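One structure is given below, encoded as structure tokens.
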2 protein chains.
Amino acid sequence: MSIPLRHRLGPLLQPRSIAMVGASNQAGRIGGMPLDLLRHFGYAGKVFPVNPKYQEVFGYVCYPDIESLPEAPDLVVLAIGAEDVTAMLERCHAKGIPAAIVYAAGFAEAGESGELLQRTLEDFVERSGMVVAGPNCMGFANLNLQAHTAFASVFRNVPPQTQPGRVSVLTQSGNVCSAVFALIRRLGVPVSHFINTGNEATLEFSEYLEFLAQDPETDCVIGYVEQLRNGRRFIDAALSLAAQGKPLVIYKAGETEKGSEAVRSHTSALAGDLALYQAGFEQLNVIRGTDFAQMADLAYLSGFRQRAGGRRVAIVTMSGALGAILADKLIGAGLDVPTLPPALQQALRDGIPDYGMVSNPVDVTGNVVNQPDFVRTIFTALAESDAIDTVIVYAPGYLLDRMADTLVDVCARFPRLFVAIDTGAAQCRARLAEAGVPVFDDLGRATQALAPYCLWLARRPAVARWAALRAAPPRHDAAPALPARLNEHDTKALLARYGVPSLPEQVCADADAAVRAAEQIGWPVALKILSADIAHKTEAGGVRLDIGDAATLRTACAEVLAAAQAYDPSARIDGLLVQPMARGGVAELIAGVTHDPVFGPALTVGLGGVLTELYRDASHRLLPVDAAMVGDMLRSLKAWPLLDGFRGRPLADVDAACAGIAALSDAATALGGQAEDVEINPLQVRGRGAGAVALDALVLVRPAL
Amino acid sequence: MSIPLRHRLGPLLQPRSIAMVGASNQAGRIGGMPLDLLRHFGYAGKVFPVNPKYQEVFGYVCYPDIESLPEAPDLVVLAIGAEDVTAMLERCHAKGIPAAIVYAAGFAEAGESGELLQRTLEDFVERSGMVVAGPNCMGFANLNLQAHTAFASVFRNVPPQTQPGRVSVLTQSGNVCSAVFALIRRLGVPVSHFINTGNEATLEFSEYLEFLAQDPETDCVIGYVEQLRNGRRFIDAALSLAAQGKPLVIYKAGETEKGSEAVRSHTSALAGDLALYQAGFEQLNVIRGTDFAQMADLAYLSGFRQRAGGRRVAIVTMSGALGAILADKLIGAGLDVPTLPPALQQALRDGIPDYGMVSNPVDVTGNVVNQPDFVRTIFTALAESDAIDTVIVYAPGYLLDRMADTLVDVCARFPRLFVAIDTGAAQCRARLAEAGVPVFDDLGRATQALAPYCLWLARRPAVARWAALRAAPPRHDAAPALPARLNEHDTKALLARYGVPSLPEQVCADADAAVRAAEQIGWPVALKILSADIAHKTEAGGVRLDIGDAATLRTACAEVLAAAQAYDPSARIDGLLVQPMARGGVAELIAGVTHDPVFGPALTVGLGGVLTELYRDASHRLLPVDAAMVGDMLRSLKAWPLLDGFRGRPLADVDAACAGIAALSDAATALGGQAEDVEINPLQVRGRGAGAVALDALVLVRPAL
């Protein structure tokens, strides 16, 4: 059934033959369970148990050692202790076996001696080029081939799979893989791959994901991640899935400090920065798994991905209260439940009594289901309306059954996504699903899966736009080599080359020069000490604002120089910086590009000041960004109204702010690995049409190695 | 089985005899379904169907009219149209029937003509004193009496009830009542009352709740509320349940704007202010329902309320990943997963291999379950530790089965709450539940119910303290009558009588007096226009700060008076207010008491300034409060670190702030209905030991009727 992929992981994930070293004839032992499953489910490939104790295991001929096998299989599974693993891998490699799975625990997760074993394993893999999964891995299953290599009892405890698998489960924990797989199978959703990655010594999550993105038998990936080790490959794979319209759902562990601690102990891995994970996932249209049941429901929903839906939902129900609860939940989860257009409301009112509702939620009342023609009118009107994207029908089972024929007909005529929720008693579930209507039997569960699914549908165009931006050549050539440190003036000059706006300031050697500069710039002015060695100028007494005359400026120059010298006698002073006083600011923003160890360069934008940090009101995006994306970031801030005329404040020049921040990102891209952090703090945003200027800026040059 | 309560609702909720007007002999009709249920479930009281068309209905003798009944039953159910209801109630009242249920829709929820019908009904009830439930109500069930008056098919579709009911379901929607009841019964939890209140024309939610609080057969109430109509009675009933240790769970509809809209249409009721509902519920230890399944799970958990638990949770699992996920979820839901004390960790490490974890979550690894003695050691150590309150054991079914004996033994010896989560396959569920161990079969669902349940347990002492504070006499006598309006100075003087601190300011008639005042107070000073007619002094140009000398002050006096007159020529000017400049503030707070239409007087506290509003960072409490409660409110703010030395800032005088705000609350209590709003804005909080002062204050006097 499987079409072999031309991918390095092909022998691992689509094996035509499997050897099991440490084979057992007991189904309850880890060396026996996969063999039992291969036999039970009728794997069509060759199976080679290896164990000198047996002649035959589960009906397969057993071999005394790997060297005795009649041929080199695609894949070998090692059910042996940690200390014997690398030596055995060398023998398997010598035999010509391209891929292996290592079950054994006791590697990096188990302290120093284990870490040594893992390094030895890694060295061998690097030398040999063998594909080695694990260690500390439960094994896999390709359910379309019935290629079972996992010591997991779950396969016998779930409904047998009669349709071709189309959902893959990919996790960094075997227990999570089993738990999620079981829930997916209990919903009747057919699975293609069951993969858990273990310690990822030499083969990490994103490479499996890359395989699955290329796999025509995978329409949806359900994942669990503790830490990503290759952000760039992950981004590529996620975008590939997104481009194909295949949902990628990932539960990210380590969402709280305590969770992170447990994850660290578990995989010897530091959890990445959560805010950036969240932002990156949204940008890549990765659906965040929040619960195993929700992930299984998303696997189910992915079977309806050909239908057109989105975030504007119409609710049809027979109970005002249930409609209100559903609306609460959907809106709380980020969807819209818009008031229906007047003409549509009027059409509905024709058949809905006064005590029903037509605005949305639509309460058709119990009587209406006895009028099949009017039910058709309602569904057709909602299927045709351009004011909504998705229709949710919430009805007790017997009422849903009465409307099922009509629903099937309407769905055959219109591509719009209709979703049904009943209370568990509907007979028509299979028939509706066949017609393209997913059916849920619990309001809470339905919402938890439907809301992120509808948001996924809605975000698809934005993700495609970003993928195109990322694929385009950068807007500037790579920057020339930077000096070891940059002072404020040099930093602004550097950023200005990429379009970051700043004020016309002057570097002055002494007070006389400062006075001349002020007269040229125009009073009042601001005075700052200029030194790459003094990061916190205000703390150092190195800033004076609103200086209105020459005498005051002269005094200020002397004081500022003295204060800076007292603050840090070893600091090299580059001069005095005279700037015009920055007036007319509506708000001050902070914008910076940092380099995440997983995702690479990322932009963070927020309102300046101490409260932003306390309220964690910041927006993040992976680079590259353009001005339109920066606008989305600003609008997503809780503080956005401050830029948008809140309580009679002037409207800010948001376009100028977006252009300035996009220029900062361009600069960071051009600087590449030379800069650790590139930051404007603050970016003063003025009234509409009056622009935005960087009042201070920082480029943290990466030390040469 | 039921013990009759001496409560006005006794005949309604514990009827010894029931008449049904509009009786039908078809079980599918609303006039027939309850009779069918009464017969089917063997109600022991008398049943009197009323309908001239029949001699007998479901085996009960049928009467032609209400006047023909051989006696006056406790309760009459009206299955007749809206327009006939009040006339029939009058006849029932004449017959001597004390209580009635009205099914009919078409009252206030259905526009003008319905509102008229409802007013007529209300007038009759007020005249007669009859107890009338509904209208637009689905009817009730007392399952301990099998007294069925609801036209709901759900009773036949759930497992039969073999134990005495102990959970009551009380909702403002019949559909929600049925849905939640079904889920509770499917968990095997026995129900005592099934109540839905409909339009609440004359009998509202809180009166039913009061009955249930007195009902010895109700250990837990599961509720659904769109709007509360009697906050004081609700508070009394909720505190009574809290004092008895009986959980009250309420789903509050209208959590979002759209949800509110639907609720308004549905019940013609304005949804209350959500933030205050949330705060009030927490203060009354009402558990917020978030999902029907979660509410059913809480009904299940309430059966274990005799066991001692709380918010500090130890997690025992066989998988690092599953432990991490569980910890994430519990912490995200507000619980603590504290690192275990070193001695306890050492005791666990004795039997847990290196690749397991002992810090919490405790990963005992799969091997440990084969060592029953060590499992006993673990459970006993966790049952005895005073570092935790609750223990969660998360294990696949067969592993849980192996540990069940030990768990039962330990729970017999220690009162600590142990909770088990398996993956659905455990055989030992009933045995564990019998031993006091609730068992869940899904991690997500378990967390959603367990977290609020553990918080409920943890909050019990605080709620008892507040109930005592509320029951104590107020600290001040009622205030004398207020003038129609108060200016800033009079307001501060009024509040000062209750202990609200302010600066020594002087009211001056002219510039000369102002200069004398300033010299007495000490330069620099602040100058404000004093007028009860000018609420926004700064906008009116009526404030000058940091005035350092007499000449400047004289000019300022003239300018301020001129500006105020230009701003509002009709404003009565009471003089000029001279204040010392307020220095040394660490933070500025806003504190105000408003009168909520549902809950009555409530205190709101937040950081001053525009961002607080954008970030909705405020804390609310129902009055009365004391200084300790104000401290809790301040610490719950996201901005709290600003008072607590964030980033090297000075520590604020939190004690003084708490005392000042508690004094404000005392003042509001003493003013009672005379004041609409009582507010300090801002309260300047200084460094530790330096106090807090009200820089401005407002009492909005309620207009005399």
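The values are calculated or read from the model by the stated rules, or taken from the named source; none is laboratory data. In this text the structure is predicted, and so the values were computed from the model without any measurement. Backbone-built Cβ (ideal geometry, glycine too); neighbour counts: all protein chains shown. We work out accessible area using only protein heavy atoms, side chains counted, and drop any ligands, DNA or RNA first. Shrake-Rupley method; radii C 1.70, N 1.55, O 1.52, S 1.80 Å.
Output the number of the condition that A:Y453 fails; it satisfies all remaining conditions of (1) more than 20 Å from A:I661 (Cβ to Cβ); (2) open to solvent by 10 Å² or more (accessible area, probe 1.4 Å); (3) within 26 Å of the chain's Cα centre (by Cα).
(2)
B:C137: farther than 27 Å from B:G106 by Cβ and either at pLDDT below 95 or open to solvent by less than 10 Å² (accessible area, probe 1.4 Å) (or both), yes or no?
Judged against the criteria, B:C137 is not a match.
Quick check on the stretch A:616-646: of everything there that is acidic (D, E) and assigned to a loop (DSSP other than H, G, I, E, B), which residue is modelled with the highest pLDDT?
Keep residues of the stretch A:616-646 that are acidic (D, E), which gives A:617, A:626, A:632, A:644.
In the following step, the residues that additionally are assigned to a loop (DSSP other than H, G, I, E, B) were identified as A:617, A:626.
Values: A:D617: 88, A:D626: 97.
Out of the qualifying residues, it is A:D626.
Report yes if some residue within the stretch B:322-338 is open to solvent by 10 Å² or more (accessible area, probe 1.4 Å), of a type in the set (A, V, I, L, M, F, W, C) and closer than 30 Å to A:G323 by Cβ; otherwise report no.
Yes: the stretch B:322-338 contains one or more residues that are open to solvent by 10 Å² or more (accessible area, probe 1.4 Å), of a type in the set (A, V, I, L, M, F, W, C) and closer than 30 Å to A:G323 by Cβ.
I need the full set of residues from the stretch B:156-171 which are at the interface with another protein chain (Cβ under 9 Å from one of its Cβ atoms) and open to solvent by 10 Å² or more (accessible area, probe 1.4 Å), in order please. Steps first, answer last, please.
Residues of the stretch B:156-171 at the interface with another protein chain (Cβ under 9 Å from one of its Cβ atoms): B:157, B:171.
Answer for the stretch B:156-171, where residues must be at the interface with another protein chain (Cβ under 9 Å from one of its Cβ atoms) and open to solvent by 10 Å² or more (accessible area, probe 1.4 Å): just B:N157.
Kindly indicate whether any position in the stretch B:428-446 is assigned to a helix (DSSP H, G or I), at pLDDT 95 or above and within 14 Å of chain A (Cβ to nearest Cβ).
For the stretch B:428-446, residues assigned to a helix (DSSP H, G or I), at pLDDT 95 or above and within 14 Å of chain A (Cβ to nearest Cβ): present.
Do any residues in the stretch B:316-334 that are more than 7 Å from chain A (Cβ to nearest Cβ) and free of Cβ contacts under 8 Å to residues at least 24 places away in the same chain have Cβ atoms under 9 Å from those of residues that are crowded, with 24+ Cβ neighbours inside 10 Å and aromatic (F, W, Y), where the two are at least six apart or on different chains, and which pairs are they?
Filtered contacts from the stretch B:316-334: no entries.
So that you can scan it fast, the table gives a plain yes or no per residue for (1) assigned to a helix (DSSP H, G or I); (2) surrounded by fewer than 19 Cβ atoms within 10 Å (Cβ to Cβ); (3) of a type outside the set (K, R):
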{"site": "A:A464", "(1), (2), (3)": "yes, yes, yes"}
{"site": "A:L469", "(1), (2), (3)": "yes, yes, yes"}
{"site": "A:R475", "(1), (2), (3)": "no, yes, no"}
{"site": "A:P483", "(1), (2), (3)": "no, yes, yes"}
{"site": "A:K492", "(1), (2), (3)": "yes, no, no"}
{"site": "A:Y498", "(1), (2), (3)": "no, no, yes"}
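Counting only residues that are in contact with a His (Cβ under 9 Å, 6 or more places away or on another chain) and part of a loop (DSSP other than H, G, I, E, B), how many does the stretch B:548-576 have?
The total comes to 1.
Here is a yes/no grid of residues against (1) open to solvent by 50 Å² or more (accessible area, probe 1.4 Å); (2) of a type in the set (V, I, T); (3) over 37 Å from the mean Cα position of the chain (by Cα):
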{"position": "B:E56", "(1), (2), (3)": "yes, no, yes"}
{"position": "B:L69", "(1), (2), (3)": "no, no, yes"}
{"position": "B:V76", "(1), (2), (3)": "no, yes, no"}
{"position": "B:G81", "(1), (2), (3)": "no, no, no"}
{"position": "B:D84", "(1), (2), (3)": "yes, no, yes"}
{"position": "B:R91", "(1), (2), (3)": "yes, no, yes"}
{"position": "B:G106", "(1), (2), (3)": "no, no, no"}
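Given the conditions (1) farther than 24 Å from B:E217 by Cβ; (2) modelled with pLDDT of 95 or more; (3) within 31 Å of the chain's Cα centre (by Cα), and given that B:N175 satisfies all but one, which numbered condition is not satisfied?
(2)
Considering only the stretch A:197-208, how many residues are outside any loop (DSSP other than H, G, I, E, B) and either more than 14 Å from A:F140 (Cα to Cα) or more than 19 Å from the chain's Cα centre (by Cα) (or both)?
Pass one, the stretch A:197-208, residues outside any loop (DSSP other than H, G, I, E, B): A:205-208.
Restricting the remaining residues to those that are either more than 14 Å from A:F140 (Cα to Cα) or more than 19 Å from the chain's Cα centre (by Cα) (or both) gives A:206-207.
The number of residues fulfilling the criteria is 2.
Restrict the check to the stretch B:378-387 and report whether at least one residue is over 18 Å from B:F418 (Cα atoms), assigned to a loop (DSSP other than H, G, I, E, B) and either open to solvent by less than 70 Å² (accessible area, probe 1.4 Å) or out of contact with any helix residue (DSSP H, G or I) (no Cβ under 6 Å at 6 or more places or on another chain) (or both).
Kept after step one, since they are over 18 Å from B:F418 (Cα atoms), are these residues of the stretch B:378-387: none.
Within the stretch B:378-387 (the criterion being over 18 Å from B:F418 (Cα atoms), assigned to a loop (DSSP other than H, G, I, E, B) and either open to solvent by less than 70 Å² (accessible area, probe 1.4 Å) or out of contact with any helix residue (DSSP H, G or I) (no Cβ under 6 Å at 6 or more places or on another chain) (or both)), the answer is no, since none of the residues qualifies.
Please determine, by comparing only the residues of the stretch A:350-374 that are of a type in the set (D, E, K, R) and facing chain B (nearest Cβ under 10 Å), which one is surrounded by the most Cβ atoms within 10 Å (Cβ to Cβ). Steps first, answer last, please.
Applying the first criterion (of a type in the set (D, E, K, R)) to the stretch A:350-374 yields A:350, A:354, A:363, A:373.
With facing chain B (nearest Cβ under 10 Å) added as a condition, the list becomes A:354, A:363.
On the way: A:D354: 14, A:D363: 28.
That would be A:D363.
Can you tell me which residue in the stretch A:282-312 is least open to solvent (accessible area, probe 1.4 Å), limited to those that are more than 10 Å from every other protein chain (Cβ to nearest Cβ) and either of a type in the set (S, T, Y) or within 23 Å of B:G254 (Cα to Cα) (or both)?
Among those residues, the one meeting the criterion is A:S302.
How many residues are of a type in the set (D, E, K, R) and modelled with pLDDT of 95 or more if we restrict to the stretch B:84-118? Walk me through how you get there before you give the answer.
Within the stretch B:84-118, the first condition is being of a type in the set (D, E, K, R), and the residues that meet it are B:84, B:90-91, B:95, B:109, B:112, B:115.
Right, trim to modelled with pLDDT of 95 or more and you get B:84, B:90-91, B:95.
Summing the residues that are of a type in the set (D, E, K, R) and modelled with pLDDT of 95 or more in the stretch B:84-118 gives 4.
Yes or no: A:V598 open to solvent by less than 10 Å² (accessible area, probe 1.4 Å), in a loop (DSSP other than H, G, I, E, B) and not polar (S, T, N, Q)?
Details: open to solvent by less than 10 Å² (accessible area, probe 1.4 Å): no; in a loop (DSSP other than H, G, I, E, B): yes; not polar (S, T, N, Q): yes.
The answer is no for A:V598.
Among the residues in the stretch B:229-237, are any buried (at least 24 other Cβ atoms within 10 Å of the Cβ), at pLDDT 90 or above and closer than 30 Å to B:F304 by Cα? Steps first, please.
From the stretch B:229-237, those buried (at least 24 other Cβ atoms within 10 Å of the Cβ) are B:234, B:237; that's our starting set.
Retained after the next criterion (residues that are at pLDDT 90 or above): B:234, B:237.
Right, trim to closer than 30 Å to B:F304 by Cα and you get B:234, B:237.
So far as the stretch B:229-237 goes, yes, one or more of its residues are buried (at least 24 other Cβ atoms within 10 Å of the Cβ), at pLDDT 90 or above and closer than 30 Å to B:F304 by Cα.
From A:R649, A:R686, grab the single residue that is more than 30 Å from B:G645 (Cβ to Cβ), modelled with pLDDT of 95 or more and touching a strand residue (DSSP E or B) at 6+ places or on another chain (Cβ under 8 Å). Let's see the steps before the verdict.
Numbers: A:R649 fails: modelled with pLDDT of 95 or more.
Of the residues listed, the single one that is more than 30 Å from B:G645 (Cβ to Cβ), modelled with pLDDT of 95 or more and touching a strand residue (DSSP E or B) at 6+ places or on another chain (Cβ under 8 Å) is A:R686.
Which one of these does B:A468 not meet: (1) in contact (Cβ under 8 Å) with a residue 24 or more places away in the chain; (2) out of contact with any Cys (no Cβ under 7 Å at 6 or more places or on another chain); (3) among the hydrophobic types (A, V, I, L, M, F, W, C)?
(1)
Those residues that are more than 10 Å from chain A (Cβ to nearest Cβ), open to solvent by 50 Å² or more (accessible area, probe 1.4 Å) and over 25 Å from B:D401 (Cα atoms), I need them from the stretch B:339-349; list them, please. If you could, list the steps in order and put the result at the bottom.
Our first condition is that a residue be more than 10 Å from chain A (Cβ to nearest Cβ); within the stretch B:339-349, this holds for B:340-349.
Filter once more, so that each one left must be open to solvent by 50 Å² or more (accessible area, probe 1.4 Å): B:342-343, B:346, B:349.
Hits for the stretch B:339-349 are B:P342, B:A343, B:Q346.
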